[in-house]
Amino acid sequence: MGKLRSIITGSGSYLPPNIVTNAELAKKVDTTDEWIVARTGIKERRIADEGVLTSDLATFAAQNALKNAGVDASEIDLIVLATATPNRTFPATATTVQANLGITTGCAFDVQAVCSGFLYALTVADNMLQCGNFKKALVIGAETFSRIIDWKDRSTCVLFADGAGAVVVEASEGEGTIADRGILYSHLRSDGRYEDKLYVDAGPSQGGDGYLKMQGKEVFRHAVSKIGSAIEQALEDNGLTGEDIDWFVPHQANKRILDAMARKFSLDTSKVVETVHKHANTSAASIPLALHEAVGDGRIKKGDLVLIEALGGGFTWGSMLFRW
Ligand code: ACO
């Protein structure tokens, strides 16, 4: 068997219909629309209704991606789902989605790298497809962060939200070059020494019902430097500059981080896909949600070079280049 590469052939997303504006949040916690917009760029977010699970959001996004890729669910032999808010401790939310889609062959599992989860999941799927053991994958980022937020903590509850995005990735013959469609490059990093900067203070092994805890300023500082170095690495390793990138689809945590990255790498701001103002931070779902929005409205076209990046709890971080 010759060399294989992975091509993303379709994207999809799903957002719960319930929109919560900053003004509505200001009725529940001591905050203002002005503070949230100035510090983060967030104006509103989507929150899933009680009883709606991460697997439900993931299934809708996956169905949308399959339709857009022109692929039937029965053709999928690999599902990699990134989430930090699974339905249950086990089984994996990916297997629930597999069952929801009526798929009874192949394999499905979860990947946990918090806000970098989609980047990690796409890298895992890319490598499994390149090995030749799988042919068509669904890679999903899905979260119900509203369930792990302390709604009395104004420093975190204004930042996070719910949603899901997905892509279909197919193995294709030939190694390909940077000019060809497909996943071209991935750079993943983690450093567990920073666990206390961003975490949930409970879990099956520790016990208790936990909430997300964050040292906001510290996370901001590390995000700017670590995301910056991941982008630098992606450009350097591929002999590119910011001007070669057609679309920058970053993890949507904070507009100030996005602006800082665009400035640092001389990226034309009209090439930065931004959804943080209306989605807030949906962790592993944020990149595929933003990607699908720009594909859906015609900004990202076949053959465009796309750079994605993320940083999340752990810390985990990284970057990826693909040609749509
Ligand atoms: N409304 C009003 N005031 C608030 C709010 C709020 N929602 N939250 C905090 N404040 C107050 C604080 O109590 C503090 O008041 P004080 O000066 O009287 O003590 C003041 O605002 C300043 O608080 P800071 O925490 O210093 O505010 P900062 O400028 O650092 O902004 C923020 C906070 C927005 C969280 C920022 O640190 C940040 O964006 N960090 C990155 C976090 C992030 O993106 N996390 C996502 C996960 S990781 C990732 O996805 C990259």
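Read the figures in this text as sums done on the coordinates, not as results from a lab. Since the structure is predicted, the reported quantities are computational estimates derived from the model, not experimental observations. Note: ideal-geometry Cβ built from the backbone for every residue, glycine included; neighbour counts use all protein chains shown.
What Rg and what Dmax come out for the stretch 88-151 when only alpha-carbon atoms are used, in angstroms?
13.3, 46
For Pro17, what is the net charge nearby, where nearby means another residue's Cβ is under 12 Å from its Cβ and Lys, Arg count +1, Asp, Glu -1?
-1
Can you put Cys131, Cys157 in order, fewest other beta carbons within 10 Å first?
Cys131, Cys157
Test of understanding: ordering Ser205, Ser11, Ser190, Ser286 by Cβ neighbours within 10 Å, fewest first, what list do you get?
Ser205, Ser190, Ser11, Ser286
Among Gly210, Phe248, Ala234, whose Cα lies farthest out toward the positive end of the dipole of the stretch 172-272, if unit charges sit on the beta carbon of Lys, Arg (+1) and Asp, Glu (-1)?
Positive-end residue among those listed: Gly210.
Testing the spin-label approximation: label points 7 Å from Cα along Cα→Cβ at Lys213 and Arg39. State their distance in nm.
Taking the two extended label points, one gets 1.9 nm.
In whole angstrom, how far apart do the alpha carbon centroids of the stretch 136-194 and the stretch 1-55 sit?
Using only Cα atoms, the two centres lie 13 Å from each other.
Given the chain, what percent of its DSSP beta bridges are antiparallel, to the nearest 5?
70
Within the set Lys278/Lys301; Lys136/Lys278; Lys136/Lys226; Lys67/Lys136, which residue pairs have Cα atoms separated by over 20 Å?
Cα-Cα > 20 Å for Lys278/Lys301; Lys136/Lys278; Lys136/Lys226; rest within.
What spacing in nm lies between the two simple spin-label points modelled at Phe220 and Gln206, each 7 Å away from Cα in the Cβ direction?
Label at Phe220, label at Gln206, 2.4 nm between them.
Bins of 10 Å, beginning at zero and ending with the bin holding the largest distance: percent of Cα pairs per bin for the stretch 3-174, please.
P(r) over the stretch 3-174, rounded to whole percents: 11, 36, 29, 16, 7, 1.
Under a point spin-label approximation (7 Å from Cα along Cα-to-Cβ), what is the Thr177-Cys131 distance to one decimal in nm?
3.0
Listing Thr316, Thr21 from the residue with the fewest other Cβ atoms within 10 Å to the one with the most, what is the order?
With the fewest neighbours first, Thr316, Thr21 line up as Thr21, Thr316.
Full extension from Phe90 to Thr21: what is 0.36 nm times the residue separation minus their Cα-Cα distance, to one decimal in nm?
Extending this stretch completely gives an extra 21.5 nm.
Average the reciprocal distances over every distinct pair of alpha-carbons in the stretch 166-279, invert the result, and give the Kirkwood radius in Å.
Kirkwood hydrodynamic radius for the stretch 166-279: 17.0 Å.
Taking only the alpha-carbon atoms of the chain, what semi-axes of the equivalent ellipsoid follow from 5 times the gyration tensor eigenvalues under a square root, in whole Å, largest first?
29, 24, 18
Under a Cβ-only charge scheme (Lys and Arg +1, Asp and Glu -1), can you give me the dipole magnitude of the stretch 185-323 about the Cα centre, in debye to the nearest 20?
My answer is approximately 220 debye.
Say a paramagnetic label sat at a point 7 Å from the Cα of Lys3, along Cα to Cβ; which residues of the stretch 115-135 have their backbone N under 15 Å from it?
127, 130-132
Just Thr59, Thr144, Thr156 to compare: in a GNM of the chain, with alpha carbon springs under 10 Å, which one fluctuates most?
Among Thr59, Thr144, Thr156, the largest mean-square fluctuation in the Gaussian network model of the chain belongs to Thr156.
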